[in-house]
Amino acid sequence: MNILVIGSGAREHSLINKLHSDTNLIWAYPGNPGIFQLALKTNLLSMNFDEIFGFCNENIIDLVVIGPEQPLAEGIVDYLEQKNIAVFGPSKLAAEIESSKVFSKDLMQKYGIPTARFQSFSRTDSNEEITKFANSLGFPIVVKADGLAAGKGVAICNDLEEFEDTIKEYFSGKFNEASQRIVIEEFMEGEEASIFAITDGNDYVLLPSAQDHKRIGEGDTGLNTGGMGAFSPAPIVTDEILEKVESTIIKPILLAMKSENRIFKGCLYVGLMIDKNSNSKVVEFNARFGDPETEAVLELVEGDFAALLYSSAIGKIDKTAIQIVENKFASCVILASEGYPESFKKGFVINGLNTQIDDSVKIFHSGTSEKDNQIVTNGGRVLAIVSSDNSLKQSLENVYKMISNINFENKYFRNDIGHRALNNNN
Ligand code: AMP
Ligand code: GLY
């Protein structure tokens, strides 16, 4: 197959690593220096849909795979499908499950899918009304921007003062249009996990569960980020819990999307909060693969991944295309630029990328670029270091060993990825 992958993160690098084979030729846009070790460069200069279609036409592209949420929310799938190109990813209307928290929460409420108690508000609603609802939930309380905010649109407020400041900030345009409407919801206690369902809208294939580490600081402290590390499978997602998640969340949401004429195909990311009684509620749905979970999860996938994505794209899921590796764990630690998710410096030379340790370790590029024949830092999240092994502990040891060999001036990473699962002896 000829495949075009849209995106430029470590998620796309790991997707391309899985899609790449003797019989698949991969192009990537925008890509990054790591990706271009496996994929060809395009002549595209922007995300203009018409130009992307022109490229697909000229290069006889069989499948386009969309990595990030932004082009999905802008309708890239609808556009290319109208021109008869097979695309892995949901339509613009279906992608609203991620791009509008108000839509997503209303949908869950309408179809009885378990999630935190909430109400949505816009800037024309009175402060009194908003405060009244907040007080009825009690603190801490969660405020979410309605629209896309690069994973940073969620604030957890510990008291009324913090809450009122947050509301002011959001409504005065902290996330531009994205925070003109907000969702206020109850704070859920528990442990988070992510599950990816590759679906054609009717049926689905589940990838192994994963756990992300969203906070910047060790011990899950500090600001929320796009994700600082992940491992898979997540021991908290037992077979029993997974079965319940399928029957109370995954099947009902796919049916709900169908009933609303927004059939969802692509990767449905189910973000869960699992409480101490093993009850799961939805924290969020995303309309795409998670990053950095994907980098770990795909290490446990064997078989024809391209065939799986293609079968989803054409609306006829092939449930036999891939196999899940049993009895192995994969982990991923992000090397970031100190200062992320706020301001940080970039342009520093990365040393040690060619260190050979063992075959189980992979380096996926995220915020990197090439300058004077050297790889330099070019983003908040710079690299994802990944390994799979017979235990979570061993896979993490492999990753951290590799990390000690890779250096750049403002390198930052969390030293405690997997801490919860390791404390439970996994
Ligand atoms: P979201 O973008 O909705 O996934 O939120 C980002 C992160 O904020 C989640 O991964 C959680 O760590 C946290 N979060 C979001 N909603 C809640 C909630 N209702 N209760 C507790 N934590 C939450
Ligand atoms: N790792 C969280 C996300 O991709 O949204």
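Could you check the spin-label model distance between residue 422 and residue 325? Points 7 Å from the Cα along Cα→Cβ, value in nm.
Reported label-point gap for residue 422 and residue 325 is 2.0 nm.
Net charge near residue 61, counting Lys/Arg +1 and Asp/Glu -1 over other residues with Cβ under 14 Å of its Cβ?
-3
What full-extension length gain, to one decimal in nm, is calculated for residue 177 and residue 117 as 0.36 nm per residue of separation minus the Cα-Cα distance?
19.2 nm is the gain from fully extending residue 177 to residue 117.
How would you order 37-47, 211-221 from highest to lowest mean count of nearby Cβ atoms within 10 Å?
Answer by packing, highest mean first, reads 211-221, 37-47.
At q = 0.22, 0.26 Å⁻¹, what log₁₀ I(q)/I(0) does the range 12-95 have when each alpha carbon counts as one equal point scatterer in the Debye sum?
-1.15, -1.49
If we sort 130-138, 310-318 on the protection proxy, mean other Cβ atoms within 10 Å, highest first, what's the order?
310-318, 130-138
Does the range 167-261 come out rounded, prolate or oblate by the C-alpha gyration tensor, with a ≥ b ≥ c the root eigenvalues, rounded set by a/c under 1.5 and, if not, prolate when a/b is larger than b/c and oblate if not?
It comes out oblate by the Cα gyration axes.
Could you give the length gained on full extension between residue 58 and residue 81, defined as 0.36 nm per residue of separation minus the Cα-Cα distance, in nm?
Extending this stretch completely gives an extra 6.7 nm.
Quick one: which residues, 5+ away or cross-chain, put their amide H under 5 Å from the amide H of residue 283? H built at 1.01 Å from N.
Residues meeting the criterion, in which the H sits 1.01 Å from N, are 271, 272, 273.
Students often get this wrong, so check it: of 110/168; 110/144; 244/276, which have C-alpha atoms separated by over 21 Å?
110/168
Given a cut-off of under 8 Å on Cα pairs at least six residues apart, what relative contact order in percent is computed for the range 229-342?
Over the range 229-342, the number comes to 31 percent.
Give me the net charge of residue 32's neighbourhood, meaning all other residues with Cβ under 10 Å from the Cβ of residue 32; Lys, Arg count +1, Asp, Glu -1.
Result for the local shell: -2.
Exceeding 30 Å between C-alpha atoms, which entries from my cross-link table qualify? They are 83/174; 346/393; 92/362; 214/345.
From the list (83/174; 346/393; 92/362; 214/345), the Cα-Cα distance tops 30 Å for 83/174; 346/393; 92/362.
If a/c stays under 1.5 just call it rounded; otherwise compare a/b with b/c (prolate if a/b is bigger, oblate if not). Do that for the chain, with a ≥ b ≥ c from the square roots of the Cα gyration tensor eigenvalues.
Verdict is rounded for the chain.
Rounded, prolate or oblate, given the Cα gyration tensor of the range 210-322, with a/c below 1.5 counting as rounded?
In terms of gyration-tensor shape, prolate.
Where a number appears in this text, it was derived from the coordinates with a stated rule and is not lab data. Given the structure is predicted, the values throughout are model-derived calculations rather than measurements. Cβ sites come from the backbone with ideal geometry, for glycine too, and all protein chains shown count toward neighbours.
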